[in-house]
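Down below is the structure, laid out as structure tokens.
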């Protein structure tokens, strides 16, 4: 697929059209285009400093683009006020590279935090049920009263994912989900990402340098190059590509 092709349909959850973002003279995103469909995972691949994290921050409204459009659930992100943006964010989960768990809170309290932060009224029984379900989804129910410091790196990643899942987002943004993990744990996280997609029908935008993650977690790969979506295609097709830019990443 070419970088300027976008598909708009009833199943479209996210569209990025002609997105531009610069910092001074440094052009990071230069008319970047991308479309995310329901029940689809797209991995964004690019060199360090190429703009992958900037793209994510623009999508969730942490950075304001210089120009272009970002539409999530048919809402133009750049035109929303803070309250409207918060409502959109309830349906977007964000798994931070650092996990961003609160060290002073138990696992239970970490998972309760997003439930109590949002305005919907829930009784204690509902909160408990949602916390337990989220932990069961990641296979760590037994850690409910543990502190983050008692958990391994892989367990902390799973707890962070459980906290992301607890509000049942339609889209999950994964920022380097396997960075810093050993190969076995990284494979377990990738398998968990795919299980979540199958179970809940979520869509995901995944930022990753891990070729195993790129191969196994993405339905499509978006190659970010010179600020643009240079190509959007399957791993298998990119592996066979003769494009010199693609070969930089997929050469055997």
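One residue alone among 232, 220, 224, 181 is in the same structural domain as residue 39 (by TED's automatic domain parsing), under 26 Å from residue 31 (Cα atoms) and in contact with a helix residue (DSSP H, G or I) (Cβ under 7 Å, 6 or more places away or on another chain), and that residue is 224. Going through region 131-153 one residue at a time, which ones are in a helix (DSSP H, G or I) and surrounded by 19 or more Cβ atoms within 10 Å (Cβ to Cβ)? If the condition is that a residue be in a helix (DSSP H, G or I) and surrounded by 19 or more Cβ atoms within 10 Å (Cβ to Cβ), then 131, 134, 135, 137, 143, 148 are the ones that fit. For region 238-250, the condition holds for no residue, the condition being that it is modelled with pLDDT of 90 or more, within 15 Å of the chain's Cα centre (by Cα) and within 28 Å of residue 18 (Cβ to Cβ). Here residue 176 passes the criteria (1) buried (at least 22 other Cβ atoms within 10 Å of the Cβ); (2) on the phi > 0 side of the Ramachandran plot except the one numbered (1). Determine whether residue 222 is without any contact (Cβ under 8 Å) to a residue 60 or more places away in the chain, surrounded by 19 or more Cβ atoms within 10 Å (Cβ to Cβ) and outside any loop (DSSP other than H, G, I, E, B). No: the conditions fail for residue 222. Scanning region 115-134 for residues that are modelled with pLDDT of 85 or more and in contact with a helix residue (DSSP H, G or I) (Cβ under 8 Å, 6 or more places away or on another chain) returns 127, 130, 131, 132, 134.
The values are calculated or read from the model by the stated rules, or taken from the named source; none is laboratory data. Worth saying up front: this structure is predicted, and the values here are computed from it rather than measured. Cβ sites come from the backbone with ideal geometry, for glycine too, and all protein chains shown count toward neighbours.
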